Amino acid sequence: MADSIGDIELFCAIVEAGGISAGATALRSSPPAVSRRLSALEDRLGVRLAERNARRFRLTEEGALFYEHCRKLLATMHDVEAEVSARGATARGLLKVGAPMELGRRRIAPLLAEFAARHPGLEAHLVLSDAGLEVGQDGIDVALRVDRPDNPAVMTRKIAATPRVLCAAPSYLADRGMPERPADLARHECLRLARRHYLHDRWRFRTDSGVEEIVAGGHLSSSSGDVLHGWALDGRGLSFEALWDVADDLEAGRLVACLADYASDEIELFATFQPGHPVPPRVRLFVDFMAASRLR
């Protein structure tokens, strides 16, 4: 059984590295030794797992099926080992975290590094995307995302909330003027976020008479919040930002808050993860850590 597990780990390492030579480097072995072990595995299984030569490594249909099952088996084994050895007190194994681009770079990355430093047996990997990462579909253990997901099959926990701030660079306001009321945005350049197939151009403000919704228009939009932030700093227009993304810029005067008397909705950050019995310690402990963090 031990040899079988070793062969599974070897095969996954070769596939994930993209070939025998790269796999040998990852395994700290030699290409001839790795090639011999792969051939022995194929002989034992009675099938060819990969077509390979000096320039090419391609899985056969049987190899692709074997890899998919091996990957799931190793993930389950790592979860079981982590749970048994740590008894829930220590995070071990590989933790893959997904987060929005700008929030991930500015806030989540330092917190993930701090969490990893507290758990020497942990390997942490951060995936950044403004497209809206999904647990399971995107191969991540924890997805930190704005807005509560609709998927009832995943576990969800609220991590933090922050106000939404309309802001612009002083140079833009000097040229175009400060908006006094939400309706004034009709004559301004609004920098809009696009997620998957939806353009976030409906901006909402609270007024004395209720909630006023403005259709934000402009010439610039992006799927990256980081890009919108950069455009705002460059004086390209007004951007609706999470306070945790622009707090430093507001304090330094690089950006100026607009329509401060018209409070807008808060942005909520949620952690989503797959249910488990038990939930792997690396996931549970990281979510607990984020909920208790300084992210506000």
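The values are calculated or read from the model by the stated rules, or taken from the named source; none is laboratory data. No experiment lies behind these values; they were computed from the predicted model shown. Note that we place each Cβ from the backbone using ideal geometry, even for glycine, and neighbour counts take in every protein chain shown.
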Scan ARG148, ARG192 and give me the residue that is under 27 Å from the mean Cα position of the chain (by Cα), modelled with pLDDT of 90 or more and not in a helix (DSSP H, G or I). ARG192
Suppose we filter the stretch 254-293 for residues that are charged (D, E, K, R), in contact (Cβ under 8 Å) with a residue 40 or more places away in the chain and within 25 Å of LEU166 (Cα to Cα); how many remain? 4
Counting residues that are at pLDDT below 85, which helices (runs of 4 or more DSSP H) fully inside the stretch 21-131 reach at least 2? 61-86
For the stretch 168-181, the count of residues that are in contact (Cβ under 8 Å) with a residue 40 or more places away in the chain and surrounded by 14 or more Cβ atoms within 10 Å (Cβ to Cβ) equals 5
Taking only the stretch 37-52 into account, find how many residues are crowded, with 16+ Cβ neighbours inside 10 Å and touching a helix residue (DSSP H, G or I) at 6+ places or on another chain (Cβ under 6 Å). 4
Mind checking which residues of the stretch 98-124 are acidic (Asp, Glu) and either within 15 Å of PHE289 (Cα to Cα) or touching a Phe, Trp or Tyr at 6+ places or on another chain (Cβ under 7 Å) (or both)? GLU114
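Rundown of residues vs (1) over 19 Å from LEU74 (Cα atoms); (2) in contact with a helix residue (DSSP H, G or I) (Cβ under 6 Å, 6 or more places away or on another chain); (3) not assigned by TED's automatic domain parsing to the domain that holds MET77, yes/no style:
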{"position": "ASP7", "(1), (2), (3)": "no, yes, no"}
{"position": "GLY19", "(1), (2), (3)": "yes, no, no"}
{"position": "LEU27", "(1), (2), (3)": "no, yes, no"}
{"position": "PRO31", "(1), (2), (3)": "yes, yes, no"}
{"position": "SER35", "(1), (2), (3)": "yes, yes, no"}
Just checking, which of TRP203, TRP231 is part of a strand (DSSP E or B) and either closer than 28 Å to GLU134 by Cα or assigned by TED's automatic domain parsing to the domain that holds GLY104 (or both)? TRP203
Only one of VAL287, VAL256 is touching a strand residue (DSSP E or B) at 6+ places or on another chain (Cβ under 8 Å) and under 19 Å from ALA113 (Cα atoms), namely VAL287
Give the residues of the stretch 239-296 that are surrounded by fewer than 16 Cβ atoms within 10 Å (Cβ to Cβ) and in a helix (DSSP H, G or I), sorted by residue number. ASP248, LEU250, GLU251, ALA252, ASP288, ALA291
Which one is surrounded by the most Cβ atoms within 10 Å (Cβ to Cβ), of the residues in the stretch 182-200 that are in contact with a strand residue (DSSP E or B) (Cβ under 8 Å, 6 or more places away or on another chain) and within 20 Å of ALA131 (Cβ to Cβ)? LEU191
Just to be sure before I move on: is VAL165 touching a residue at least 40 places away in the same chain (Cβ under 8 Å) and over 27 Å from ARG206 (Cα atoms) in the structure I sent? no
